[in-house]
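Read the figures in this text as sums done on the coordinates, not as results from a lab. Everything numeric here is computed off the predicted structure, so don't read it as measured data.
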Amino acid sequence: MFMDITRGVAALISVWSLGSQAFDAKTATVCPSDDNAPEFLDEAQTYINLGRHHSAAILAGDALESTLRKLCLTHSVEVPSDSTLDNMNAELARMGIYDDRTEQRLSAASDLREKANCGLWSEVSKDDVETMIAEVRTFAAEYAAAL
């Protein structure tokens, strides 16, 4: 029981510390590495090979989030503390960083990640995750020059 209470208090403290203020993307540390998208994608491919495509979808989504955060930083887009992949994607597309078709592809990848995160296993197929990894890898490579 003590452990449950301790975890609950830790969760509350972390939520209270988030706040709702916008902050500069420079302070939004996703991981200590400067460019962790390739690492996430390599790990996602490993999970696909092991038959764990749900975990691979989450990692590919992390790679996408990392890339979008870096694009926001590069193009001086403020990232709210509660920003989601869809929010960053929409804002970058609105600013003309990429076209509507790219925004739609990234939105589909974000949706797949969310389904995997929520445990909607029947809605996440191995083929969809393999396509997602390829899309995120292509996107990250295409916009790496801008980063």
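Above 11 Å lies some portion of the pair distances; for region 105-147, what is it as a whole percent of all C-alpha pairs?
Numbers: 590 of 903 pairs.
Of all Cα-Cα pairs in region 105-147, 65 percent lie more than 11 Å apart.
For region 32-146, the convex hull spanned by the alpha carbon atoms encloses 99 Å³ per residue.
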